[in-house]
Amino acid sequence: MHSLSQEIQGFSKQRLKKQSTRVTTVTGRKLLERRSDGGEGGEAVEQVEELQEEGGGCGFVEDTSLDLQVGVVRPFLLLASQDAAHDVDTLQRFKVSHVLNVAYGVSNLLPDQLVYKTLQILDLPDTDITSYLDECSSFIDQARDQDGVVLVHCNAGVSRSSSIVIGYLMLREELSFDDAYDQVKQARPSIRPNPGFYQQLQNYKH
């Protein structure tokens, strides 16, 4: 009778399946994780490579449709994505004078022509979004007091910027969370604060 070790040695390495897993990261990069046996030691080797697909070298079909929808929450208070904040026509059409940029790593388009405030906020449930409300609200007030129009944006105009605008209505107009959320949702239907921000705003005492 063969010993177990002999059986293992006799097992053809060719019969070991090479496993590969496609992974798409949150930023849209496509990676291929490969597991294969590593030769003499028989240990599995993991390789990760970036998939380069034909064409532009991007591993995904880029969504080129811009989100230029601007939510008018108040005459002086707008909510949008970075696409709108980077579109000169949109900025001019809505008479934007101030821009509150709460995205992470998004540049400002017209620093010489508009008044910008940039706070790099991460869209993570454990980010304390309420800690930014005083500073952001003061900037929004500044735009209003100067008869200006402030555009609040993050990357997608869905979570961070909407949370700031909801918080502003709660803080300055003493609206309940539900009322503030409904009004902002009406202005920009695609809003969806992440679960952490949603909870923090619900519990926000000002």
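Nothing in this text is a laboratory measurement; each read-out follows from the coordinates by a stated rule. From a predicted model like this one, the values you see are computed outputs, not experimental measurements. As a convention, Cβ positions derive from the backbone with ideal geometry for all residues, glycine included, and neighbour counts pool all protein chains shown.
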At q = 0.24, 0.25 Å⁻¹, the log10 of I(q)/I(0) for the stretch 115-189 from a Debye sum over equal Cα scatterers comes to -1.30, -1.39
For VAL96, list long-range residues whose amide hydrogen, built 1.01 Å from N in the peptide plane, is under 5 Å from its own amide hydrogen. none
How long are the semi-axes of the ellipsoid equivalent to the stretch 71-202, from square roots of 5 times the Cα gyration tensor eigenvalues, in whole Å, largest first? 21, 16, 13
Hey, can you grab everything whose amide H is under 5 Å from the amide H of LEU77? Only 5+ residues off in sequence or another chain; H modelled, so Pro and N-termini drop out. VAL150
Would you mind pulling out the separation of the Cα centroids of the stretch 101-151 and the stretch 75-94, in Å? 13
Computed lengthening from SER131 to SER190, 0.36 nm per intervening residue step minus Cα-Cα distance: 18.8 nm
Net charge near ARG144: determine it from the other residues with C-beta under 10 Å of the C-beta of ARG144, scoring Lys and Arg +1 and Asp and Glu -1. -1
